[in-house]
Amino acid sequence: NIPKFIVWNEKEPELDFKNLKNKLHTPLILRSSFSLEDWKANAFAGIYDSYFPVYDNTSLKKGLKICLKSDQSDRFMLYTKQKNINIDALEKNVIIQEFIVWDFSWICFTKNKENNILIEITPGINEPLVQWKVQTPFSIKINRNNIKDYDINSFYMDSKYKTMKNNTIVEREFDLLSFEEDILLKYKDILLRNFLKIEKLFWYPQDIEFTVKWDNIFILQSRNITIL
């Protein structure tokens with residue numbers, strides 16, 4: 001289950017927001033999909049920019065400008081220099097996708113050093129989680145060889161999370177997330193089935209971002225894990 005999207009290349013005609021609204025529900029999120037991205041050896045995780053929310057022509061143009069300039073950032077220059085990557089033939093695409101204002105955000109590493117599947121969860125949008133701003137996310141480790149062997153090994157201690165209100169990102173307080181254990185256990189089996197299918201599709205352990213909204217699971221992206 002993937003939010004609807006289209007892919008736009010920078011060499012194509014300029015996008016018109018009215019036409020996008022006929023194809024996709026707003027708000028939208030812009031995600032980079034450059035030719036130098038998500039290799040087995042070089043993940044480019046955290047190197048390129050995404051932009052959200054997009055809800056009118058002004059925010060669309062602003063977001064595209066930010067995404068297309070991702071290759072001019074210091075982190076891009078440093079990473080490609082360290083990895084000795086030739087950037088001369090870089091092709092820039094942008095994924096324009098429906099932005100799901102979700103109840104909970106999650107990431108999953110289908111394999112870690114201990115041969116476990118690791119799932120982490122945060123309420124609201126996933127930006128704090130994927131940017132490593134959440135110090136103690138609620139998490140679960142599951143033995144790849146025995147899915148009945150799992151360990152819920154940490155608790156979400158941060159008091160704030162991010163969500164959307166009137167096309168604006170806002171912070172809210174969350175006093176206690178003790179019910180997250182029930183949420184994890186509720187979705188555990190179906191998530192595992194889906195994650196292992198995705199891993200088999202790419203023939204490599206995966207770093208997967210996904211979300212849950214009204215009991216619907218949406219896969220947002222998946223990339224090869226470069227360090228095991």
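The values are calculated or read from the model by the stated rules, or taken from the named source; none is laboratory data. Quick caveat: nothing in here was measured; it's all calculated off a predicted structure. Glycine also receives a Cβ, built like all others from the backbone with ideal geometry; neighbour counts cover every protein chain displayed. For accessibility, only protein heavy atoms count, side chains too; no ligands or nucleic acids. Shrake-Rupley method; radii C 1.70, N 1.55, O 1.52, S 1.80 Å.
Students sometimes get this wrong: rank 214, 8 by accessible area, probe 1.4 Å, all chains present, largest first.
Correct descending sequence by accessible area is 214, 8.
Quick check on packing: order 78-90, 198-210 by the mean number of other C-beta atoms within 10 Å, highest mean leading.
Top to bottom by mean Cβ count within 10 Å: 198-210, 78-90.
For residue 10, what accessible area in Å² do you get when you roll a 1.4 Å probe over the heavy atoms of the protein chains, rounding to the nearest 10?
The accessible area comes out at roughly 80 Å².
Considering only protein heavy atoms, what per residue accessible area in square angstrom results for the range 1-130 with a 1.4 angstrom probe?
With the other protein chains kept in place, the range 1-130 gives 51 Å² per residue.
Pairs 18/213; 18/62; 148/200; 188/213: which exceed 19 Å Cα-Cα? Before the final figure, lay out the partial values.
Values: 18/213 26 Å; 18/62 16 Å; 148/200 21 Å; 188/213 16 Å.
Over 19 Å Cα-Cα: 18/213; 148/200.
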